[in-house]
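Taking it in order: structure first as structure tokens, then the write-up.
Here, each number is a calculation from the coordinates, and none is a lab measurement. Note that the structure is predicted; figures quoted are calculated from it, not measured. Cβ: placed from backbone, ideal geometry, glycine included. Neighbour counts: every protein chain shown.
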Amino acid sequence: MEQGAARERATGRQSPPPFGDAAGAGRVAAGRAEGAVADAGRADAAVAGDARVPEPARVPEPARVPEPARVPEPGPEPARVPEQGRRAECARGEHTHGEPTAPVQASVPARVVRHSVRGQILDALRAALVDGELVPGEVYSAPALGERFGVSATPVREAMQRLAVEGAVEVVPNRGFRVVERTPRELAELAEVRALIEVPVMLRLARTVPAARWAALRPLAEATSAAAARGDRAHYAEADRAFHRAVLSLAGNEQLLAVADDLHRRSQWPLLSAPALRHGVLVADAAEHSALLDALIAQDLTVVQTLVREHFTGSEG
């Protein structure tokens, strides 16, 4: 016992009381009970700490009024495609959405109109040449002729250049255009070339073309007779070329038509005959047209050959 007490004093630890000590046992029991109560208190405190205190109810915020939708600011306009570009896209099979296609008439360039005026001036100048209003050997300026026709000098100059290609006029630098003066030799050469081309063609057509096709050309022959009776040289020239084109067209050769028509036109102007003789020449030529149709319908090759050669060599028509 004394040794145990000495050990307790040396280590500072108190040994539990002996089983026989009731008071000590009571104190131990009481200590344990207090510890249990303390532990229970700490457990309750821990549980109480984990339980969250409910937050106070939140007051709902006032409803926000929605802002009006913003209209987007207009941006830069898309680049407009030119009318010519849209037509090119349509031609390629592309689409230009939202843009109507401009009518074709609105996109016609002004140059086409100028060409139309040039064509009218060209017809008027040809009629003046055939009718003798433009005198062979005289020089005419484009501005002067433009004032005469009520147009600018540009379409007159373009028409005169076309007549120069056809051999009716020649260009005089810094002055204008001189009307070409045909000599009897030149007219005879033109008639000979026309006969070399048209006589064989008409003889071949006389053998193959049915009579009904020749009879259909009768109104054209009558038109030349009517113009000749009036003494209208300009209209006769047009009717005469129309008749010969209709006859030669039955051959189906476009190149032949172009060459023959050019030779025919060159032989028609300018005229060197006297006005009194001019009317008689027109009437004789018109009569030969009707006689030629009669021979073609009858397939009289001898008469056809004779009439065509006399038609070319006997007159300017």
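At-a-glance table
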item	result
Packing rank of 253-263, 303-313, where each peptide gets the mean count of other beta carbons within 10 Å, highest leading	303-313, 253-263
Gain on full stretching of the segment that runs from residue 208 to residue 253 - 0.36 nm per residue minus C-alpha separation	14.7 nm
Net charge of neighbours whose Cβ lies under 13 Å from the Cβ of residue 161, counting Lys and Arg as +1 and Asp and Glu as -1	0
15 Å cut-off, amide nitrogen to a point 7 angstrom out along residue 193 Cα→Cβ, residues in the stretch 247-269	256-269
